[in-house]
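Asks: Quick one: the structure is below, questions incoming.
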Amino acid sequence: MLDKKIKTVQESISYIQEARNNETKSSAGDKYETSRVMMQAELDKQNLLLQQFLQQKNVFLKIQRTKPSEKIDFGSWVETNQGNYLIAVGIGKVKEVFVISLASPLGKALKGLRIGDKTSLQNKEYRITTIK
């Protein structure tokens, strides 16, 4: 999923750069400058988005190097009575799994818990059934 997002943003960046470079200066100088400024702003936005996706991908690659633990921490696969969670970066629901970060409210509540432990958040009780 992240690779697809990265590719889409990279294509968008290429398109914007090409359009900016092909922009010809017309007799309406202000219009030309405004157009280039707008393209540059969009290019900056897309570059920032690309960096965020690349950082998220690097975080996912770190999961492969984490050691299994009896306690919930970064890289843990957690099964609860409320659903399944991967503790990594906060990107939301992917298929049947919620991918959350330790910095999220639920991530903070789950961190350090073991199988059989319970925690509550927003009037929901989370009972830990599996940690991988």
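Asks: Report the full-extension gain for the segment Asn21 to Gln82: residue separation times 0.36 nm, less the Cα-Cα distance, to one decimal in nm.
Replies: 16.8 nm
Asks: As a test of the formula, what do you get for the chain when each DSSP H run with n ≥ 4 contributes -39,500 (n - 2.57) and the sum is divided by the residue count, at 222 nm and rounded to the nearest 500 deg cm²/dmol?
Replies: Result for the chain: -16000 deg cm²/dmol, rounded to the nearest 500.
Asks: Next up: I need the calculated FRET efficiency for the pair Ala41 and Lys4, taking r as the beta carbon distance and R₀ as 30 Å, to the nearest 0.05.
Replies: Computed FRET efficiency for Ala41 and Lys4: 0.75.
Asks: What do you get for the angle between helix 2-22 and the principal long axis of the chain? Use alpha-carbon atoms, 0 to 90 degrees, nearest ten.
Replies: 10
Asks: Pick out which of Thr80, Thr119, Thr34 has the largest mean-square fluctuation in a Gaussian network model of the chain, springs linking Cα atoms closer than 10 Å.
Replies: Evaluated over the chain, the most mobile residue of the options is Thr34.
Asks: While we're looking at this one, here's another question. Can you give the angle from 0 to 90° between the axis of helix 29-63 and the longest principal axis of the chain, with both taken from C-alpha atoms, to the nearest 10?
Replies: 20
Asks: Would you work out if the chain is rounded, prolate or oblate? Take a ≥ b ≥ c from the square roots of the eigenvalues of the alpha-carbon gyration tensor; rounded if a/c is under 1.5, else prolate when a/b is larger than b/c, oblate otherwise.
Replies: Since a/c reaches 1.5 and a/b is larger than b/c, the shape of the chain is classed as prolate.
Asks: How many nm is it between the label spots at Lys71 and Arg114, if each spot is 7 Å from the Cα in line with the beta carbon?
Replies: Each label point lies 7 Å from its Cα, and together they span 1.0 nm.
Asks: Can you check what the net charge comes to around Val89, using other residues whose Cβ is under 13 Å from the Cβ of Val89 (Lys, Arg +1; Asp, Glu -1)?
Replies: So the environment of Val89 carries a net charge of +3.
Asks: What full-extension length gain, to one decimal in nm, is calculated for Val94 and Leu48 as 0.36 nm per residue of separation minus the Cα-Cα distance?
Replies: Working: separation 46, 0.36 × 46 = 16.56 nm, distance 2.27 nm.
Separation in residues times 0.36 nm, less the Cα-Cα distance, equals 14.3 nm.
No value in this document is a laboratory result; all are computed from the given coordinates. What you see is a predicted model, and the numbers here were worked out from it, not measured in a lab. Neighbour counts are summed over all protein chains in view; Cβ atoms, including those assigned to glycine, are modelled from backbone coordinates with ideal geometry.
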